[in-house]
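A.B. asks: Have a look at this one.
The values are calculated or read from the model by the stated rules, or taken from the named source; none is laboratory data. Since this is a predicted model, take the numbers as computed values, not measurements. Because the Cβ atoms are built from the backbone with ideal geometry, glycine has one as well, and the counts that use them run over all protein chains shown.
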Amino acid sequence: MNIRQLLVPFGMALLTTWAIQYFFFGNKDQKSMQTVKSGQSFVAPVSSAEYKPLIREIDFIDAKRTTKKELTTFETPLATYVFSSDGACLHRFEVKREISGKASSLTTIFPLPESEKETRCFLLARNEKTPYYYRLLDVQEEAGLSSVTYGYDAGDITIIKKYTIFTDSYRVDLETTVEPKSNSPETLRLVFPSPLMPDIISSESIHGVIAGMQGSLQKIPVGKIKPQEGWFAPVIFGTDSKYFAHVMIADVQGMVQRGYYADNQPRLISYLESKPITEKVVWNLSFYLGPKEYSALTTVDQRLDQVLDYSGWLAPIAKIALALLNWLYGYLKNYGWAIVALTVLMRLLLIPFSWRAQEGEKKAAEYKKKLQYLQQKYKHDPELLAQEKTELFKKHGMPGLSGCLPMLVQVPLFFALNRVLSSSIELYKAPFIGWITDLSATDPYYILPALLVVTMLLQGVLMDAQKRFMVIGMALVFGAVSINFASGLCLYILVSTLLSVGQSAWQRRS
């Protein structure tokens, strides 16, 4: 074995490790101190709104409770909503789901203690004297719609908040009627938190969701949101986590002047600031509170499909793969076996490409031998050598290029499936067999990564010596990084590799 045979697989292993870590797990940015340097550019403000600080502090009226706390619960086929007269807020929110064939619920908004009044969902804050104790005015339940109305009336302002719940979707409407009774302008802030799941408390999965100037959605990781950063008149604004989204999707009257965030670990708090109010106004907002599922999101607003982690150029492939996975689950009733079946189907589709690739490798070996023969025969006659090489190329083309085709086909499939299998709520808490109780989580005992390494090493045994060392290097790299893969993704790679080994063995025999 010469040094070149060792350097090539080692270099490929390092490059692959970097690529997988970068594209799959991202970079964890470290916060750095920002200092002003001589000659550094800046943008001068152009309106008075840009001079205003971002106000996150909330001062409540120091008053005693005059009415008892009243909770109002609405049950729909999709979710459970509990509203409270304290703050006229959404007290608790649970999404109903079927997990492992059993009815279950996932909570993203929890009741908070009295010490955390400022971060309650849909709290309406004033610059001073924010009311907290509201009166329950009305509750109505009709076919397809339910509503609850709260009121607050003091000497300087009257506020009425009416929530409307839609039975067949995850849409929530909030109609706020504000009537100031003084001559000074009133600026209000509506507060709502990011989704919170106790077993997924990492802030790395939290993003700010904003509609940019071009209309497309931006997802900004919580660590990259600057403390003084804000957005003017956003038409879509909110947050999402790995599996859920809490997003404002409509501002009917265009009342939102600015939107900004507060990093309140482990949650990201959204603030919607109104324009100055001097007379009675009605402020209508619509929200999406629910899971990051394509059908659920697009039922409420077509633009929300950009919230999905597999949006972008991978979206068409990912949507087809997820639809096929759910279709297989309908028959197999187990997402693990559905992944196995999906892998088999995909390998069957790729057989013509992989078969031609192996045939191309044989032709490439013959081409290389003929080329070496010509180089040796005409080494003293460069002109004749060039002529013979041209004739050889015209006759045989460039064998070996066809071997790249299966890889080019599999790469987008792999990246799309990585996004689907790592971020789809369908796989959350979905069991497979034995120790695999959650296909969205990593293998707790690293059995699947170990099996993957063994299978890839077995694949290397069936290859020629030159490629064998490269496959061994790749096996070791995948063994190291696959311990961070979701179990569903690791299962897909394992089954795909096993099928590849079986196909190679059968093709060699035939």
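A.B. asks: Is there any pair linking a residue in the range 297-311 that is over 17 Å from residue 322 (Cα atoms) to one that is of a type in the set (D, E, K, R) and surrounded by 17 or more Cβ atoms within 10 Å (Cβ to Cβ), with Cβ under 8 Å and at least six apart or on different chains, and which?
C.D. replies: 300/171
A.B. asks: When you scan the range 64-71, do you find a residue that is closer than 23 Å to residue 188 by Cβ and in contact with a helix residue (DSSP H, G or I) (Cβ under 9 Å, 6 or more places away or on another chain), even just one?
C.D. replies: Within the range 64-71 (the criterion being closer than 23 Å to residue 188 by Cβ and in contact with a helix residue (DSSP H, G or I) (Cβ under 9 Å, 6 or more places away or on another chain)), the answer is no, since none of the residues qualifies.
A.B. asks: Then there is this: For the range 311-327, give me the residue count where each residue is surrounded by fewer than 19 Cβ atoms within 10 Å (Cβ to Cβ), in contact with a helix residue (DSSP H, G or I) (Cβ under 7 Å, 6 or more places away or on another chain) and at pLDDT 90 or above.
C.D. replies: Qualifying residue count for the region: 2.
A.B. asks: What about residue 496, is it modelled with pLDDT under 85, crowded, with 18+ Cβ neighbours inside 10 Å and within 16 Å of residue 340 (Cα to Cα)?
C.D. replies: Working: modelled with pLDDT under 85: no; crowded, with 18+ Cβ neighbours inside 10 Å: yes; within 16 Å of residue 340 (Cα to Cα): yes.
Judged against the criteria, residue 496 is not a match.
A.B. asks: Here's another thing I want to ask about it. For the range 178-200, state whether one or more residues are in a strand (DSSP E or B), charged (D, E, K, R) and under 30 Å from residue 106 (Cβ atoms). So that I can check it myself, show each step before the final result.
C.D. replies: Going residue by residue through the range 178-200, those that are in a strand (DSSP E or B) are 178-180, 186, 188-193, 197, 200.
Narrowing the set further to residues that are charged (D, E, K, R) leaves 179, 186, 189.
Okay, now just the ones that are also under 30 Å from residue 106 (Cβ atoms), so 189.
Scanning the range 178-200 turns up at least one residue that is in a strand (DSSP E or B), charged (D, E, K, R) and under 30 Å from residue 106 (Cβ atoms).
A.B. asks: Mind listing just one residue for me: the one in the range 231-262 that is small (Gly, Ala, Ser) and closer than 19 Å to residue 285 by Cα and, of those, modelled with the lowest pLDDT?
C.D. replies: From the range 231-262, those small (Gly, Ala, Ser) are 233, 238, 241, 245, 250, 254, 259, 262; that's our starting set.
Applying the additional criterion that residues be closer than 19 Å to residue 285 by Cα yields 233, 238, 245, 250, 254, 259.
Numbers: 233: 90, 238: 96, 245: 96, 250: 95, 254: 93, 259: 93.
The extreme case among them is 233.
A.B. asks: Something else about it: Restricting attention to the range 50-85, report how many residues are touching a Leu at 6+ places or on another chain (Cβ under 9 Å) and either farther than 24 Å from residue 144 by Cα or acidic (Asp, Glu) (or both).
C.D. replies: 3
A.B. asks: Restricting to helices (runs of 4 or more DSSP H) lying wholly in the range 420-510: which have 1 or more residues that are among the charged types (D, E, K, R)?
C.D. replies: 465-481, 487-509
A.B. asks: Just to verify a result, which residue in the range 117-129, among those that are surrounded by fewer than 19 Cβ atoms within 10 Å (Cβ to Cβ) and modelled with pLDDT of 90 or more, is nearest to residue 189 (Cα to Cα)?
C.D. replies: Filtering the range 117-129 for residues that are surrounded by fewer than 19 Cβ atoms within 10 Å (Cβ to Cβ) and modelled with pLDDT of 90 or more, the one nearest to residue 189 (Cα to Cα) comes out as 119.
A.B. asks: Mind telling me which of the residues 280, 275 ends up being touching a residue at least 24 places away in the same chain (Cβ under 8 Å), surrounded by 16 or more Cβ atoms within 10 Å (Cβ to Cβ) and basic (Lys, Arg)?
C.D. replies: 275
A.B. asks: Would you check if there is a residue in the range 178-193 being modelled with pLDDT of 95 or more and either under 22 Å from the mean Cα position of the chain (by Cα) or outside the structural domain of residue 118 (by TED's automatic domain parsing) (or both)?
C.D. replies: Yes, the range 178-193 contains a residue that is modelled with pLDDT of 95 or more and either under 22 Å from the mean Cα position of the chain (by Cα) or outside the structural domain of residue 118 (by TED's automatic domain parsing) (or both).
Matching residues to (1) within 16 Å of residue 425 (Cβ to Cβ); (2) at pLDDT 95 or above; (3) in contact with a Cys (Cβ under 6 Å, 6 or more places away or on another chain):
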| site | (1), (2), (3) |
| --- | --- |
| 267 | no, no, no |
| 270 | no, yes, no |
| 275 | no, no, no |
| 280 | no, no, no |
| 283 | no, yes, no |
| 286 | no, yes, no |
| 289 | yes, yes, no |
| 298 | yes, no, no |
| 303 | no, no, no |
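A.B. asks: Out of all the residues in the range 171-220, which are surrounded by fewer than 21 Cβ atoms within 10 Å (Cβ to Cβ), in contact (Cβ under 8 Å) with a residue 40 or more places away in the chain and touching a His at 6+ places or on another chain (Cβ under 9 Å)?
C.D. replies: Hit for the range 171-220 is 219, nothing else.
A.B. asks: Would you point out which residue out of 42, 74 is outside any loop (DSSP other than H, G, I, E, B) and either loosely packed, with under 10 Cβ neighbours inside 10 Å or modelled with pLDDT of 85 or more (or both)?
C.D. replies: 74
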